[in-house]
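The values are calculated or read from the model by the stated rules, or taken from the named source; none is laboratory data. No experiment lies behind these values; they were computed from the predicted model shown. We place every Cβ from the backbone using ideal geometry, glycine too, and count neighbours over all the protein chains shown.
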Amino acid sequence: MKILVCIKQVPDMESKFKIADNATWYDSGELAWRMNEYDEYAVEQGVQLKTQVADADLTVLCIGPQRVQETMKKALAMGCDRGVHIEDAESFKKDPFEIASMIAEFAKEKSFDMIFTGMQSQDRGSAQVGLMVAELLDIPSISTVVDFAFDAGKVTAKRELEGGIKAKVSCTAPALITCQLGLNTPRYPTLPNIMKAKRKELLSLPAADLLKVERKQETAKIYFPEKKGGGLVLEGAAGDLADQLIKILKENTGVLA
Amino acid sequence: MKALLVAEHRDGQLLTSSYELVAFAQQLGADSAMFLVGSDVSLPQYDGTLYLADIDKYSEYNPAVHKQLLLDVIAKEQPDIVVFSHSSYGWDLAPRVSVALGAAHVSEVVEVVDGAMVVPVCNAKLRRQVSVKTAKTVVSLQSGAFCLSDDPEGTPTVEKIDTDAAARVVFEGFEEAEAGGVDLSKSEVIVSAGRGIGKPENLAIIEGLATALKGDYGASRPVVDSDWVDHGRQVGSTGQSVSPKLYIACGISGAIQHLAGMKKSEYIVAINTDKDAPIGEVADVLVVADLKEFVPLMTAKLLV
């Protein structure tokens, strides 16, 4: 069985973001980078499936500049067998369709039985790439999955809907799943596995070899949203802040009367 | 400009979020038609053509078949823009339709500025204005971003549609939300824990403040996903929607999914080390502090 997991490297969302000089993306200089949170669930599910079925091979794919290899090493340490790095210093400019097309171009004719992606990325958050890959490969796909089971080629999954309701669905492999938070408990790589990961195959492919479509959309401008509402901001020593807040709550809400 | 609005139906009912698509079309000044896989018994109040496929025949979740039904209508109507809700239905179907049309898909639109779609980036810390290069555009709208100013009204001209496209995914039914949770919708005070609590042991700090304020405690999704708090206490679009007199968000950055569940609270206090956290946008008061230091101090002062 062949399994593919697609991951993205994103900035740590707690970072202080700055706008880049051309104002069409954020400045990437001083950010800390990590694996897109949703993709950690995708990697974990891939590793669990590989463990479940006999004779499986698990490839992790990532598009981006050289630094994404650090994130790929985490996926390899979590249990992926090999990595494919699509090297692209300008991946941040590519739209979801271009990214999906490059993945589909790589994956076609490789007969992956299952593909896992995150449900969306934490930075762009388009929630498009996984589903587009499946459409381009012409295989069934299920998005926003919080429960996954695989048995003899049959995929049974639960999709998360609004208000805590889930939809129970099924399809036949080959198929693609986009993983929602909470699908499983992503493992932490152990030190021996981190050491082992260093010896695993990590193939680099130039993006130009796989990009065969036109861009459909671009970022015209990126900016900080205007602060709305004009809420009060309190700063200072914690003890003083507590006194201030209690006074405010007494004046503005009925709950401390 | 012509818009095709993809309305939604769940478990026997038209979803009222469908009217947000009408509001969006009005704001663009676009003519519109509507598409719905739904039922005669719950039709939208809408003056215009409604292309209606029978949900009993085509099921709640059936992406390949819903896509074909929609593509047939698009071929007939030739809309410039196809509009979805950015919901579990919309974000699933929209990318499929956009690939089939060769159209750009702009996700989670929050506003339109000078004709350009604006979307959130990086947990809504940033905004991005998108320029589309294709003739047709597919968009999905952030929940609550576009609202009708008046109650919806009208009667659609229903045109029944069918397809013989084959299903690839089988819908086998719903699983209801887990029972046994705490009904936070009746709480007057809610103190919620976010990822900022750092570790499960710190939940006691949040519970302590909730008790001191005679309220209940809730949690954001990451805290629930980490199994630190039961799903029954989750506030947000996939948990409970609450509107207490006082909502205190502790270490919650303010993802849109969380805001959707609590922004109707009468008074909102956010406690966060990050002055730029999006929760600040809805908060009446933002206390810039480490909750682990601030909350116990506040609790102690309340109990004096």
query: Only one residue in B:Phe146, B:Phe174 is outside the structural domain of B:Val6 (by TED's automatic domain parsing) and modelled with pLDDT under 95. Which one?
result: B:Phe174
- line: Selection over region B:134-189 where residues are assigned to a strand (DSSP E or B), over 23 Å from B:Ser42 (Cβ atoms) and under 19 Å from the mean Cα position of the chain (by Cα) yields a count of 2
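Residues to consider are B:Ala283, B:Ala255, B:Ala249; find the one that is among the hydrophobic types (A, V, I, L, M, F, W, C), touching a helix residue (DSSP H, G or I) at 6+ places or on another chain (Cβ under 7 Å) and surrounded by 20 or more Cβ atoms within 10 Å (Cβ to Cβ).
B:Ala249
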message: Which of the helices (runs of 4 or more DSSP H) found entirely inside region A:1-116 contain at least 2 residues meeting this: more than 14 Å from chain B (Cβ to nearest Cβ) and under 26 Å from A:Val146 (Cα atoms)?
response: A:37-52, A:68-78
message: When the residues of region B:43-80 are narrowed to those that are within 14 Å of chain A (Cβ to nearest Cβ) and polar (S, T, N, Q), which ends up surrounded by the fewest Cβ atoms within 10 Å (Cβ to Cβ)?
response: B:Ser59
Index of the failed condition, A:Phe116 passing every other in (1) under 13 Å from A:Ile63 (Cα atoms); (2) touching a Gly at 6+ places or on another chain (Cβ under 6 Å): (1)
task: Examine region B:87-100 for a residue that is among the charged types (D, E, K, R) and either farther than 17 Å from A:Gly130 by Cβ or modelled with pLDDT under 95 (or both), and state whether such a residue exists.
output: no
- prompt: In region B:81-118, which residue that is within 19 Å of B:Leu5 (Cβ to Cβ), among the aliphatic types (A, V, I, L, M) and part of a strand (DSSP E or B) is nearest to the other protein chains (Cβ to nearest Cβ)?
  reply: B:Ala104
message: Between A:Ala167, A:Ala173, A:Ala197, A:Ala149, which is without any contact (Cβ under 8 Å) to a residue 12 or more places away in the chain and more than 10 Å from chain B (Cβ to nearest Cβ)?
response: A:Ala149
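Matching residues to (1) in contact with a helix residue (DSSP H, G or I) (Cβ under 8 Å, 6 or more places away or on another chain); (2) at pLDDT 95 or above; (3) over 30 Å from B:Val295 (Cβ atoms); (4) more than 11 Å from chain B (Cβ to nearest Cβ):
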residue: A:Lys158; (1), (2), (3), (4): no, yes, yes, no
residue: A:Thr178; (1), (2), (3), (4): yes, yes, yes, no
residue: A:Pro189; (1), (2), (3), (4): yes, yes, yes, yes
residue: A:Ala207; (1), (2), (3), (4): yes, yes, yes, yes
residue: A:Ile222; (1), (2), (3), (4): no, yes, yes, no
residue: A:Lys228; (1), (2), (3), (4): yes, no, no, no
residue: A:Lys247; (1), (2), (3), (4): no, no, no, no
residue: A:Glu251; (1), (2), (3), (4): no, no, no, no
message: Of everything in region A:98-115, what is over 16 Å from the mean Cα position of the chain (by Cα) and under 19 Å from A:Leu210 (Cβ atoms)? Give them in sequence order.
response: A:Glu98, A:Ser101, A:Met102, A:Ala104, A:Glu105, A:Phe106, A:Ala107, A:Lys108, A:Glu109, A:Lys110, A:Ser111, A:Phe112
- prompt: Quick one: how many residues across region B:130-141 are in contact with a Phe, Trp or Tyr (Cβ under 8 Å, 6 or more places away or on another chain) and surrounded by fewer than 22 Cβ atoms within 10 Å (Cβ to Cβ)?
  reply: 0
- prompt: Here are B:Ala210, B:Ala145, B:Ala124: which of them is within 14 Å of chain A (Cβ to nearest Cβ), surrounded by 17 or more Cβ atoms within 10 Å (Cβ to Cβ) and free of Cβ contacts under 8 Å to residues at least 24 places away in the same chain?
  reply: B:Ala210
